[in-house]
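Asker: Quick one: the structure is below, and I'll ask about it shortly.
The values are calculated or read from the model by the stated rules, or taken from the named source; none is laboratory data. Since this is a predicted model, take the numbers as computed values, not measurements. Positions of Cβ are backbone-derived with ideal geometry, glycine not excepted, and every protein chain shown enters the neighbour counts. The accessibility values were calculated without ligands, DNA or RNA, using every heavy atom of the protein model including side chains. Shrake-Rupley method; radii C 1.70, N 1.55, O 1.52, S 1.80 Å.
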Amino acid sequence: MTPTFPDLPTEPPTFEIVGAETRDGVLIRDIRLVPPPGGDAAGPIEAYLVEPEILDARTSRPGLLFAHWFDTDASNGNRTEYLDEATDWARRHRAAAVLPQLTFPWAGDPTGSAADAERIVAEVTRIRRCLDLVLARPAVESSRLGVVGHDFGGMHAALLATVDRRPAAYVLVAAVPRWGDWFLPFWPIEEDRIDYLRTMRPLDPIEHVRAAASVRDDSGVIKPAAAREREDLARILFQFGRHDFYIAPMTGREFAGAAGDVAELKAYDAEHEMALPEIVVDRTIFLERELSLN
């Protein structure tokens, strides 16, 4: 069954500021996105909003969303993971960046395909609402929107290629093609394995990155892009670690291969945390190129 994603409110989200700090001219705000009157399908969202202290609204700038990894034992297995990186983007490119706290499976374990599908739809809706926020910031140009996601953050972000299609560039870091690749080995799900995989397939990230190499026709149907249309397609950088205990080397090839010629694949002498400096350098170069910042 094809999943149904809720329509988002047309007005940009408002937010309350819980705390703030400055770092060398960059303002980091701890915020809560407030649901608009009538409710919000995304619900309240905890996030960091990072941008320069002083803005010139006359000059366009990029927007970024960073989706963190899952590691309950790591100090950065939460929205703090990309805080330094977002700060650097704000300092060097005047970028606006939003770093949401993700909730599934952080705040609740996978239990079965029906509940897990609902949670994934809700999480992607939360991420989309954060895109609304960053695009509403002064002078952020809609054609210069990038998304970085690590591990489960990357898997949720991959669904934007079909569900949202606003980002121009994605960096998917140590993510796997299917939810069952993680959930079935590491959580006690009693559902039959084949039934689980079959039910979850419409939400599997590998099914959605294919859309990055596609366009919608006038009736809304996604189809392969013609050569003349490829200049306007989103680009994807896949980053994987050669020493990742959890992800086999062929996984990256399968995932990137599904996205076709809009994808790049890079492997590093890294483990699952993907913390090497050259990984950051490569995705920075990629995003600067795809968001026309060179």
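Asker: Take segment 26-114, drop everything but the C-alpha atoms, weight them equally and run the Debye formula without solvent; then report log10 I(q)/I(0) at 0.18, 0.19, 0.22, 0.26 Å⁻¹ to two decimals.
Answerer: -0.87, -0.93, -1.08, -1.24
Asker: In terms of the Cα gyration tensor, with a ≥ b ≥ c the square roots of its eigenvalues, is segment 102-149 rounded because a/c is under 1.5, prolate because a/b exceeds b/c, or oblate?
Answerer: Working: a/c = 3.32, a/b = 3.18, b/c = 1.04.
It comes out prolate by the Cα gyration axes.
Asker: Here's something else I'd like to know. If amide hydrogens are placed 1.01 Å from N in the peptide plane, which non-local residues have theirs closer than 5 Å to the one on residue 64?
Answerer: Long-range HN contacts for residue 64: 96, 97, 98, 146.
Asker: What distance in nm separates the simple spin-label points at residue 166 and residue 281, each placed 7 Å from Cα in the Cβ direction?
Answerer: Computed distance between label sites residue 166 and residue 281 equals 3.3 nm.
Asker: What is the percent carbon and sulfur in the accessible area of the chain, measuring with a 1.4 Å probe over the protein chains and ignoring ligands?
Answerer: Values: 6550 of 13250 Å².
Using a 1.4 Å probe with all protein chains present, the chain comes out at 49 percent carbon and sulfur.
Asker: Share of antiparallel DSSP beta bridges in the chain, in percent to the nearest 5? Please list the in-between numbers first.
Answerer: Values: 24 of 49 bridges.
Roughly 50 percent of the beta bridges in the chain run antiparallel, per DSSP.
Asker: I need the peptides 153-162, 174-183, 127-136, 188-197 ranked by packing, meaning the mean over residues of other C-beta atoms within 10 angstrom, with the highest value on top. Walk me through the numbers on the way to the answer.
Answerer: Details: 153-162: 26.5, 174-183: 22.8, 127-136: 20.9, 188-197: 13.0.
The peptides rank, most packed first, as 153-162, 174-183, 127-136, 188-197.
Asker: With every protein chain left in place and a probe of 1.4 Å, what is the accessible surface of residue 281, to the nearest 10 Å²?
Answerer: We get 80 Å² for residue 281.
Asker: Would you mind working out the accessible area per residue for the chain, using a 1.4 Å probe, and quoting it in Å²? If you can, show how the numbers build up before the last one.
Answerer: On the way: 13250 Å² over 294 residues.
On a per-residue basis, the chain sits at 45 Å².
Asker: Where a ≥ b ≥ c are the square roots of the eigenvalues of the C-alpha gyration tensor, would you call the chain rounded, which needs a/c under 1.5, or, failing that, prolate if a/b is larger than b/c, or oblate? Don't jump to the answer; show the numbers that get you there.
Answerer: Details: a/c = 1.30, a/b = 1.25, b/c = 1.04.
Here the chain falls in the rounded category.
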